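Shown next, in structure tokens, is the structure this report addresses.
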Amino acid sequence: MMGPGFAEMVVGILTRPRDMLRQVGDGRSLGPALIVLAMVAAITGWSSAVAAPHNADLVGGPAPLALATIAGGGFLLLVQAGIGYGVARLLGSRGNFRGLLSGLALANVPSVFQAPFALLGVTLGPAGMALNALGTAALSIWVIVLSVLALRETFVTSTGRAVLIYFLSLILVLFLALAVLALVVGLLLPAFF
Amino acid sequence: MNRNRWLLLAIGVLVIGSLILSAVFARDWRALVRGNIGVITLTGGIAEGPAAVLGGAGITPAAVRRLLALAEADPRIAAVVLRIESPGGSVAASQEIGGLIRDFPRPVVVSMADGVASGGLYISVFADRIVAQPGTITGSIGVIMSHIYLGGLYERLGIQAEVLTAGEHKGVGMEPLTPESRQILQEFLDDLHRQFIQAVAEGRRLDLERVRAIATGELFTGQQAQALGLVDRLGGLDLAIEEAAELAGVAYPEPVDITLPAVPWWQTLGHFPSLLLDRVSVALLGKDALLLRQQLELHLLPRW
């Protein structure tokens, strides 16, 4: 049986997420899902550059920022899925890793709506910037909800356990990031003394 | 087209349309791709090399050349703002930097910070416009030079030093000043002073006599300097960016800092032997030894 098409995937994750995440849970749609993620990341990166050009300057402009967002998005997806998969296994759940990657990639689709919020930010002044911030926060919550759904459908588990897997993974990611930071600082510090 | 494709098309139009409109409303495209007004910060004394002792020597011709080359190589940079904080420094290095600024193919605006005096002013006059705060310290159109005679020190240390020269005035710097040698050095300084006055008159398009009248070495506030024609506008960095944008015909100025790549930490270890020598000198001979070394580095070195 063929996996869902590109249009079906993008529209499906927004209009009937549970069905779509269940459909991609077998992992056969990983390729198209990753393409969707790359497009979403590019749009998100470009939107950020439009709303805050000084941030874009830090990495050399909007195009590098969009590319960095794509690369960073892919890396974060791998880390998030890897840790989420490990945590789920520890909690006794079983699922398809490729399916999890597909689901978590598609969970980012609502971020494309950052573009209209960025437009409000640059056209309506302070009120628009406030709307932009509120919209971005709402979209982040939407992405989190879809990520939890992706975990639930991939591991065929309860919503409560999916929430537990999501937040345990998040804590582990933060812990790992701090550990890497401490390691880097620990390696560099002696060089200054 | 089925329902999914229609919805995808609608989402695409909304998202892509928003991105395009955001870019149009935000600023011009060149600014969106990157800043269009390059901002270069020049801080410290002016000297040929970073090891000189003239106020920390943060401004060197080599560094300015590299920074301006970075700006010139970027076609999106329409104009450059030089944010300067400098008490001046060595003469030839200032002239080298002045030439680089004068020959830069795009508009250059100087934004004077706290103090831009003497050589700092010298390099500034080669810019197309100068912006300073009312309280900026500037001016000091003059030349200074130290002559140090070490005979007394040698005597105290029991060192008998004799200077042999070929050429009537070769040993001017090694002997106590005579009326004749003093006159030679004064003429030398006067010629440099004339060069300074000439540069200010040409750079600021001022009457030579008018500049000569104010070239007494005195300091001016930014406000006084504007009245004298040494400064165009009173304001800060933002005003300088606006001025640069106006000169370059840029409707939406978007500043971007132009900096040299950071020096890797292991390259800074190259300064270690010099620092060690300073520490050893101070430990063995006291702080006077370091002071003497610094004075000797300035010996017969004209500065502005």
- Query: Any idea which residue in segment A:115-146 is most open to solvent (accessible area, probe 1.4 Å), counting only those that are within 11 Å of chain B (Cβ to nearest Cβ) and among the hydrophobic types (A, V, I, L, M, F, W, C)?
  - Reply: A:Leu124
- So A:Ser147 clears everything in (1) assigned to a helix (DSSP H, G or I); (2) over 20 Å from the mean Cα position of the chain (by Cα); (3) touching a residue at least 24 places away in the same chain (Cβ under 8 Å) except one condition, right? Which one? (2)
- Query: Which of the residues belonging to segment A:98-114 are surrounded by fewer than 24 Cβ atoms within 10 Å (Cβ to Cβ) and within 11 Å of chain B (Cβ to nearest Cβ)?
  - Reply: A:Pro110, A:Ser111, A:Phe113
- Query: When you look at A:Ala162, is it open to solvent by less than 70 Å² (accessible area, probe 1.4 Å), under 23 Å from A:Leu37 (Cα atoms) and either among the hydroxyl-bearing types (Ser, Thr, Tyr) or more than 12 Å from chain B (Cβ to nearest Cβ) (or both), yes or no?
  - Reply: yes
- Item | Residues that are closer than 20 Å to A:Val24 by Cα and out of contact with any helix residue (DSSP H, G or I) (no Cβ under 8 Å at 6 or more places or on another chain), drawn from segment A:88-144 | A:Arg89
- Quick check, is A:Leu78 open to solvent by 60 Å² or more (accessible area, probe 1.4 Å) and either assigned to a helix (DSSP H, G or I) or at pLDDT 95 or above (or both)? yes
- Scope segment B:127-142; condition surrounded by 23 or more Cβ atoms within 10 Å (Cβ to Cβ) and part of a loop (DSSP other than H, G, I, E, B); matching residues: B:Ala127, B:Thr136, B:Ser140, B:Ile141
- So which helices (runs of 4 or more DSSP H) are wholly in segment B:175-250 and hold at least 1 residues that are closer than 25 Å to B:Ile37 by Cβ? B:179-204, B:222-228, B:237-248
- Only residues in segment B:223-236 that are among the small types (Gly, Ala, Ser) count as the first member; pair them with residues that are crowded, with 16+ Cβ neighbours inside 10 Å and assigned to a helix (DSSP H, G or I), Cβ under 6 angstrom, at least 6 apart or cross-chain, and list the lot. B:Gly229/B:Arg204
- Message: Just the residues that are within 21 Å of B:Leu237 (Cα to Cα) and in a loop (DSSP other than H, G, I, E, B), please, taken from segment B:60-104.
- Response: B:Arg76, B:Ile77, B:Ala78, B:Pro87, B:Gly88, B:Phe104
- Failed item in (1) within 14 Å of chain A (Cβ to nearest Cβ); (2) touching a helix residue (DSSP H, G or I) at 6+ places or on another chain (Cβ under 7 Å), with B:Asp257 passing the rest: (2)
- Message: Give all pairs with beta carbons closer than 6 Å in which a residue from segment B:157-177 that is open to solvent by 80 Å² or more (accessible area, probe 1.4 Å) meets a residue that is at pLDDT below 85; count only pairs at least 6 apart in sequence or on separate chains.
- Response: B:Met174/B:Val163
- Message: I need the full set of residues from segment B:140-197 which are hydroxyl-bearing (Ser, Thr, Tyr) and more than 20 Å from B:Ser118 (Cβ to Cβ), in order please.
- Response: B:Tyr149, B:Tyr154, B:Thr165, B:Thr178, B:Ser181
- Task: Give the residue that is least open to solvent (accessible area, probe 1.4 Å), with candidates limited to residues of segment B:103-112 that are out of contact with any Leu (no Cβ under 8 Å at 6 or more places or on another chain) and in contact (Cβ under 8 Å) with a residue 40 or more places away in the chain.
- Result: B:Met112
- Which one is farthest from the other protein chains (Cβ to nearest Cβ), of the residues in segment A:32-63 that are at pLDDT 90 or above and surrounded by fewer than 19 Cβ atoms within 10 Å (Cβ to Cβ)? A:Leu34
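The values are calculated or read from the model by the stated rules, or taken from the named source; none is laboratory data. Here the structure is a predicted model, which means the values were calculated and not measured. Neighbour counts are summed over all protein chains in view; Cβ atoms, including those assigned to glycine, are modelled from backbone coordinates with ideal geometry. These area figures cover heavy atoms from the full protein model, side chains too; ligands, DNA and RNA do not enter into them. Shrake-Rupley method; radii C 1.70, N 1.55, O 1.52, S 1.80 Å.
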